[in-house]
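Worksheet: one structure, shown below.
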Amino acid sequence: MKVMVVGSGGREHALVWKFYQSERADKIYAAPGNDGLTELAEPVDIDMTDTTGLAKFARKNEIDLTVVGPEEPLVAGIVNEFQASGLKIFGPTREAAMLEGSKVFAKQILNKYNIPTADFEVFTDPSKAISYLKNIEYPRVIKAEGLAGGQGTKIVTSRKEAIQAVNRIMEDRIFGDAGERIVIENFLTGQEVSIMALTDGEILLPLAASRDHKPVFDGDEGPNTAGMGAYSPVPYLSQAEEKEIYRQIMHPTLKALQAEEINYQGVLYAGLILTSSGPKVLEFNARFGDPESQAVLPRLKDDLLAVIDEIVEGRLERKKLFWCSESAVCVVLAAGGYPLTYEEGDEISGLEKINRYDNLLVFHAGTRKIGDKFVTSGGRVLNLTILADGLFSAINQVYEHVEEIDFRDMHYRSDIGRSAVQELDPKHYSP
Ligand code: GLY
C-alpha cells in the first residue's frame with residue numbers, strides 16, 4: 001500500500017517510523033515531511049494546507065491512504081477534499097475538526113451534553129469581556145477561540161493581567177482571526193492527562209494514556225509551547241480512573257457528535273485535568289498529540305497502519321490495542337527563544353552518536369540537512385524518546401542522551417516525567 005503522511009514535525013516522523021514497520025507499507029510519502037525522515041519516506045514538496053494540491057498528488061501517485069498529522073489541514077478541510085475525490089484519508093472532516101478548530105464550539109458541545117468541563121463565558125466584544133473581568137475571582141483562563149499553535153491559552157492571576165490578555169488577543173489580534181471570540185473559564189487544579197482514541201465514528205479504540213508538558217520551563221513555568229515533552233503510561237492514572245474518563249467523557253463526546261449529525265473519524269484527543277471532583281475537559285484536539293505520539297506510538301505493539309486502514313475502510317472490529325509494558329519518555333529539544341522568536345540554521349552536533357543507540361528513538365521536527373550536516377529549522381528541533389523498564393529509568397536514560405546533543409542556545413525541560421515519579425515514590429525524585 002502507498003501511504004502519505006501530511007505534516008512535518010516530530011509526530012509525523014513518529015507516524016512514518018511506525019508505518020515503516022508495517023508489512024502493508026510498500027511506499028511512504030511525507031508531505032512535506034522533514035530532512036530527518038527521508039530514509040523512511042519520500043518527501044513531497046507541497047504545503048500541508050494546500051489541500052487541493054495534496055489531493056491532486058494523491059490521485060496522480062495512486063496513494064492508497066493519507067494520514068493527517070496537524071490540525072491546520074484538518075480545519076482547512078483536507079478530509080472533505082480527499083473524500084470528495086474518492087481518496088482514502090484518516091482524520092475528521094472540517095465540520096468534525098471544529099472540536100479543535102473552535103473552542104466555543106467545543107465548549108458548547110460539552111455544555112449541551114453535560115460533559116464535565118470548567119464553567120465559562122464566551123465574548124465577541126472586548127469591552128464586554130473587560131467589564132466581565134471586574135467582578136470575578138482569579139486565577140482564570142482566557143482562550144482564543146481558534147487555532148494558535150498551542151499558544152492561545154493564558155492563565156491570568158489578576159484583573160490587570162486578564163485585561164492585557166483580552167487586549168492582546170482581541171485588539172492587537174496577536175492570533176489574527178483566531179482571536180475574534182474568546183472563552184473565559186474557571187481555573188481548575190489537578191494533574192493533567194492526554195487521552196487519545198482512534199475512532200471510526202462508532203467505536204473508540206483507546207490509545208495508551210500520556211502526559212505532555214506545555215509550559216516552556218521546568219515546573220510548568222513560562223509561556224505555553226506546543227509541548228516540551230511527554231511520557232506514557234501515566235503512573236498517577238489508575239485503570240479505574242481511565243475507565244471513568246471513557247464513561248464520562250470519551251463515549252459521551254462521540255455520542256454528542258453523533259447527535260449533532262457529525263461523523264467523527266480519526267483521533268479523538270481530550271486534554272483533561274483530574275480534579276478533586278473528577279476528570280474535566282480542558283480542550284479537545286482532532287488529531288494525534290505532539291509530542292504525546294512520540295511517547296505513545298513506540299509502545300504500541302499493533303500494526304497502526306492496519307488499524308487505520310480498517311477504520312477508513314469501515315471494517316473496524318478490534319476492541320483494543322496492545323501495548324508494551326515499558327515506559328516511554330520523550331524530551332523536546334528546542335531552539336533558543338522558542339516559543340517566541342528563534343534563530344534557524346544552527347548546526348546540530350551529536351546526532352551520529354545518538355543514532356547508534358538501540359533503545360533511543362530520534363524524531364526530527366525542525367531540522368534541515370545541508371550536505372551531511374543537520375541544522376535547526378524550527379522552534380521544536382528534535383524529540384528524543386527512550387523506552388525503558390519503568391518511568392524512573394526512562395527519565396534517567398533519556399536525559400543522558402539529551403546531554404550528547406548540542407546546538408546554539410538549545411533548551412529543553414529537565415523535569416519531564418519527574419513530578420509523576422515523585423508522586424509514585426518521592427525518594428526517586430532528584431530536582
Ligand atoms: N501536546 C499538545 C498537542 O498536541 O496539542
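Pick out the one residue from 309, 302 that is more than 16 Å from the ligand (Cβ to nearest atom), in a helix (DSSP H, G or I), charged (D, E, K, R) and farther than 30 Å from residue 112 by Cβ.
Selected residue: 309, the only one of 309, 302 that is more than 16 Å from the ligand (Cβ to nearest atom), in a helix (DSSP H, G or I), charged (D, E, K, R) and farther than 30 Å from residue 112 by Cβ.
Taking the stretch 203-241 as the search range and keeping residues that are acidic (Asp, Glu) and touching a residue at least 60 places away in the same chain (Cβ under 8 Å), which one is farthest from the ligand (Cβ to nearest atom)?
My answer is 218.
Residue 323 is checked against (1) of a type outside the set (Asp, Glu); (2) within 21 Å of residue 9 (Cα to Cα); (3) modelled with pLDDT of 95 or more and fails just one. What number does that condition carry?
Going through the list (1) of a type outside the set (Asp, Glu); (2) within 21 Å of residue 9 (Cα to Cα); (3) modelled with pLDDT of 95 or more, residue 323 breaks only (2).
For the subset of the stretch 51-79 comprising residues that are open to solvent by 30 Å² or more (accessible area, probe 1.4 Å) and without any contact (Cβ under 8 Å) to a residue 24 or more places away in the chain, which member is nearest to the chain's Cα centre (by Cα)?
Looking at the filtered set, the residue picked out is 56.
Out of the residues in the stretch 164-215 meeting the condition of being small (Gly, Ala, Ser) and over 26 Å from residue 257 (Cα atoms), tell me which one is nearest to the chain's Cα centre (by Cα).
Checking each candidate, the answer is 190.
List the residue pairs whose Cβ atoms are under 7 Å apart, where the first residue sits in the stretch 278-295 and is more than 17 Å from residue 254 (Cα to Cα), the second is within 10 Å of the ligand (Cβ to nearest atom) and modelled with pLDDT under 95, and the two are 6 or more positions apart or on different chains.
290/226
Could we say that residue 401 is in contact with a His (Cβ under 6 Å, 6 or more places away or on another chain) and modelled with pLDDT of 95 or more here?
no
Test residue 93 against the criterion of being at pLDDT below 95 and of a type outside the set (Phe, Trp, Tyr), and give yes or no.
no
State which residue is farthest from the chain's Cα centre (by Cα) when the search covers only the stretch 101-156 and only residues that are in a helix (DSSP H, G or I) and under 17 Å from residue 273 (Cα atoms).
Of everything passing the filter in the stretch 101-156, 111 is farthest from the chain's Cα centre (by Cα).
So if I check each of 286, 256, which one is within 16 Å of the ligand (Cβ to nearest atom) and out of contact with any strand residue (DSSP E or B) (no Cβ under 6 Å at 6 or more places or on another chain)?
286
Residue by residue through the stretch 111-133, note down the ones that are more than 17 Å from residue 181 (Cα to Cα) and either in contact with a Lys or Arg (Cβ under 7 Å, 6 or more places away or on another chain) or buried (at least 16 other Cβ atoms within 10 Å of the Cβ) (or both).
Hits for the stretch 111-133 are 115, 116, 117, 118.
Taking the options 152, 146, 190, name whichever one is surrounded by fewer than 22 Cβ atoms within 10 Å (Cβ to Cβ) and out of contact with any helix residue (DSSP H, G or I) (no Cβ under 6 Å at 6 or more places or on another chain).
Every option except 190 fails the conditions.
The values are calculated or read from the model by the stated rules, or taken from the named source; none is laboratory data. Everything numeric here is computed off the predicted structure, so don't read it as measured data. All Cβ positions, even for glycine, are placed from backbone atoms using ideal geometry, and neighbour counts span all protein chains on display. Surface accessibility is based on the protein's heavy atoms, side chains included, excluding ligands, DNA and RNA. Shrake-Rupley method; radii C 1.70, N 1.55, O 1.52, S 1.80 Å.
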